[in-house]
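Trainee: Pasting a structure below so you can have a look.
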Amino acid sequence: MLTRIQQAFQKAFYPDKCLACSLLFHAGERFEPAFSYEEYFNGSPVKIIYQKEISALFCPICSGEFPSITPPFCLQCGKMFKSPVADSHFCGDCIQKNKPFQRIRSAGMYSGSLMKAIHQLKYSGKTQIAKPLGRVLFSSFLNYFHDVNIDLIIPVPLHASKLRSRGFNQVMLMLREWPALGAMSFSSFPIIDYQGKVVIRRKKTEPQTGLGREKRRSNIKGAFSVLQPESIHGKQVLLVDDVYTTGATTEECAQVLSNQGASNIHILTLARSD
Ligand SMILES: [Zn+2]
Ligand SMILES: [Zn+2]
């Protein structure tokens, strides 16, 4: 009883500080420790989960509207179609070219508050954002990959020097809670390569920002190598990244996994820019 009163006092006098703009605010609905994961993820749209998670971290202004991805979109590369009249189908590019992946899906568009949250995590080192974003990513995983038997989950690796300067791989952090979340809905949950032992980023590349599609592709060529081909041979792999921009990085990584014998590669990212 006393602790509840203390908590109420604390809440009234010490509001939360917005992680994005430092404004003091009172977070609305908070994620309770006793919350049922099953109830939480069973059919809750990504948008609802995002808003619930982000409202505890960001003030109402920074929380903003979740930049949802809505059908119709390409069944393979996931790109949204401009015209909303048709059903989801394969885009011209995916019909013409042989792509090294089965399916790319993302939780939301790389804009607004989702972009802000990713920036705060990656560039301001606010690692406490990784867990809520990881839950958003997990709900997209359930939404889009419930019909696939994934054997292995691989976060797109960072180069050792990038890992040292940033201090963490943001995707690894987002995946930390997944086995606990997965235990609620799966009899056996796929292995996650937390140690980055399966595939590494060998080549240090220039930042891809500002480069065109073709330049990005040549820049990233040969950047990845598989260290443990035996652990991907004949396996269904889910490759996870934070942002999908032109796809140069993720697709190069998928191509290398495919060349080394993975049977299928699926890609999930938190956000996509196109
Ligand atoms: Zn704010
Ligand atoms: Zn496509």
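Trainee: Looking at C62, is it within 18 Å of D274 (Cα to Cα), surrounded by 18 or more Cβ atoms within 10 Å (Cβ to Cβ) and either β-branched (V, I, T) or in contact (Cβ under 8 Å) with a residue 12 or more places away in the chain (or both)?
Mentor: no
Trainee: May I ask you to verify whether I150 is more than 15 Å from the chain's Cα centre (by Cα) and either in contact (Cβ under 8 Å) with a residue 40 or more places away in the chain or assigned to a loop (DSSP other than H, G, I, E, B) (or both)?
Mentor: In short, yes.
Trainee: List pairs: first residue in segment 219-237 and at positive phi, second residue of a type in the set (A, V, I, L, M, F, W, C) and at pLDDT 95 or above anywhere in the structure, Cβ distance under 8 angstrom, at least six positions apart or on different chains.
Mentor: So the pair list comes out as G234/A262.
Trainee: When residues of segment 81-103 are filtered for being of a type in the set (A, V, I, L, M, F, W, C), more than 10 Å from ligand 2 (Cβ to nearest atom) and at pLDDT below 95, how many remain?
Mentor: Residues in segment 81-103 being of a type in the set (A, V, I, L, M, F, W, C), more than 10 Å from ligand 2 (Cβ to nearest atom) and at pLDDT below 95: 2 in total.
Trainee: Here is a follow-up. Could you tell me which numbered condition G134 fails, if it satisfies all but one of (1) free of Cβ contacts under 8 Å to residues at least 60 places away in the same chain; (2) not in a helix (DSSP H, G or I)?
Mentor: The single condition G134 does not satisfy is (2).
Trainee: Ok, one more. How about segment 160-274: which strands (runs of 3 or more DSSP E) wholly inside it have at least 1 residues that are farther than 30 Å from P71 by Cβ and not basic (K, R)?
Mentor: Of the strands (runs of 3 or more DSSP E) lying wholly inside segment 160-274, those with at least 1 residues that are farther than 30 Å from P71 by Cβ and not basic (K, R) span 199-201, 224-226.
Trainee: I would also like to ask the following. Restricting the first residue to segment 247-259 and requiring it to be more than 19 Å from S231 (Cα to Cα), which pairs with a second residue that is polar (S, T, N, Q) meet a Cβ separation below 7 Å and a spacing of at least six or different chains?
Mentor: A248/Q208; T249/Q208
Trainee: Is there a residue in segment 197-216 that is more than 21 Å from the chain's Cα centre (by Cα) and among the hydrophobic types (A, V, I, L, M, F, W, C)?
Mentor: Taking every residue of segment 197-216 in turn, at least one turns out to be more than 21 Å from the chain's Cα centre (by Cα) and among the hydrophobic types (A, V, I, L, M, F, W, C).
Trainee: Quick test for you: out of L268, L238, L257, pick the one residue that is surrounded by 19 or more Cβ atoms within 10 Å (Cβ to Cβ), in contact with a His (Cβ under 6 Å, 6 or more places away or on another chain), under 20 Å from I104 (Cβ atoms) and of a type outside the set (K, R). Write out each step before concluding.
Mentor: On the way: L268 fails: in contact with a His (Cβ under 6 Å, 6 or more places away or on another chain); L257 fails: in contact with a His (Cβ under 6 Å, 6 or more places away or on another chain).
One residue alone meets the criteria, L238.
Trainee: Within segment 152-209, can you find the residues that are on the phi > 0 side of the Ramachandran plot and crowded, with 18+ Cβ neighbours inside 10 Å?
Mentor: In the first step, residues of segment 152-209 are kept if they are on the phi > 0 side of the Ramachandran plot; the result is 167, 196.
The one that is on the phi > 0 side of the Ramachandran plot and crowded, with 18+ Cβ neighbours inside 10 Å: G196.
Trainee: Among the residues of segment 35-44, is any surrounded by 11 or more Cβ atoms within 10 Å (Cβ to Cβ), under 23 Å from the mean Cα position of the chain (by Cα), modelled with pLDDT of 90 or more and not hydroxyl-bearing (S, T, Y)?
Mentor: No - not one qualifying residue is present in segment 35-44.
The values are calculated or read from the model by the stated rules, or taken from the named source; none is laboratory data. Computed from a predicted model, the values in this text were never measured in an experiment. When we count neighbours, we look across all protein chains shown, and the Cβ atoms used for this are built from the backbone with ideal geometry, even at glycine.
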